[in-house]
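I have placed the structure first, in the form of structure tokens, so that the comments after it can refer back to it.
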Amino acid sequence: ARLQEFPDFCSPGLFFWTAILSAAHCKTSNVVLLFYTTSEVYTNFGIVSNYYYDDWGNARHNHYVGTHYHQFSTIDHSHNIWIDDHSHYIYIPDHYHDVYIPDHVHDVYIPDHTHSVTIRDHSHSVTLRDHSHSVTIRDHTHSIEIPSHTHSVTIRDHTHSVTIPNHTHSISIPEHTHGIEQGIFTFGNPTRAYLYVNGTYRGELQADTETDITAYLLGSGGKINRGAWHSVEVRPNDKAYVTIDMMIQGFIQSRGGNTV
């Protein structure tokens, strides 16, 4: 049955009717609502609701929404929302909801618009009681493949400073003797020797070599330095017995007033 028409409930041009159908012998109400702005745009849906008390006195209720269709159309608009400081206290007793929604579709068209929301300074307080987390990782392996590659390391010029304090080493050598084996022994197999004069390499020597080293003894003035020691070395490439025969030839000439 139609109970009442509300032509001025919302903005001009929006109307809705409501009808409540009920039976006196049960706790079930059928609600039918019809909203429309024009004859082409409307929403019609039916709700079946009932409530009852279970064996423990808890209130129960079920809802059934039948097959329906939604169509919305709005003009360009904006929303300004101001929320004052407030709080909500809600107590919900133990209950449950059974909802069945059949297959259906919704077509919603929302034009470009903006929403302005202002939230004053506030804070949230969260308390976590003492608790623990248990994580179990089963036996497993990891496989890693590293391809052939190189590492480049550059070490700049630097020095290391090592300080060794004064110390001694103690070595114990027990009493012993060295036996002397007398005789003449031949060993070594030299194949060449090298000549050094005053520490400078001057060439390679063969066995039974005769050479003149005068040029190697001359100083920067073209003369052999007087009052100095001169060294002549023969360095074989293996152990060897070396015999050197040196001949020195000198010339004396009178040069009035000059020292030779």
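The values are calculated or read from the model by the stated rules, or taken from the named source; none is laboratory data. Computed from a prediction, not measured in an experiment: that's the story for all the values here. Note: ideal-geometry Cβ built from the backbone for every residue, glycine included; neighbour counts use all protein chains shown. What goes into the accessible areas is simple: the full protein's heavy atoms, side chains included, and nothing from ligands, DNA or RNA. Shrake-Rupley method; radii C 1.70, N 1.55, O 1.52, S 1.80 Å.
With the highest mean first, a sort of the peptides 95-101, 229-235 on other beta-carbon atoms found within 10 angstrom per residue produces 229-235, 95-101. Only protein atoms count toward the accessible area here, which uses a 1.4 Å probe; on the stretch 98-226, the carbon and sulfur part of that area reaches 50 percent.
Under 5 Å between amide hydrogens, built in the peptide plane, is the criterion, and for ASN225 it picks out GLY219 among residues at least 5 positions away or on other chains. Remark: the stretch 138-149, residue by residue, has Karplus-estimated 3J(HN,Hα) of 6, 4, 7, 10, 10, 10, 10, 10, 10, x, 4, 7 Hz, where x stands for each Gly or Pro and the curve is 6.51 cos²θ - 1.76 cosθ + 1.60 at θ = phi - 60°.
Near ASN237, the amide H atoms lying under 5 Å from its own belong to THR191, ARG192; only residues 5 or more places off or on other chains count, and H is placed 1.01 Å from N.
Annotation: amide H of ARG202 within the under-5 Å range of LEU195, TYR196, VAL197, sequence separation 5 or more or interchain, hydrogens built in the peptide plane.
The mean sequence separation of alpha-carbon pairs under 8 Å and at least six residues apart, normalised by the residue count of the stretch 99-220, gives a relative contact order of 9 percent. Exposure check, 1.4 Å probe, all protein chains in place: SER172 carries approximately 110 Å² of accessible surface. HN-Hα J couplings of the stretch 94-105 from phi, Karplus 6.51/-1.76/1.60, θ = phi - 60°, integer Hz, Gly and Pro as x? So the Karplus estimates, Gly and Pro as x, are 4, 6, 8, 10, 10, 10, 10, 10, x, 4, 7, 10 Hz. Surface exposure of the stretch 93-188, expressed per residue as accessible area with a 1.4 Å probe, stands at 118 Å².
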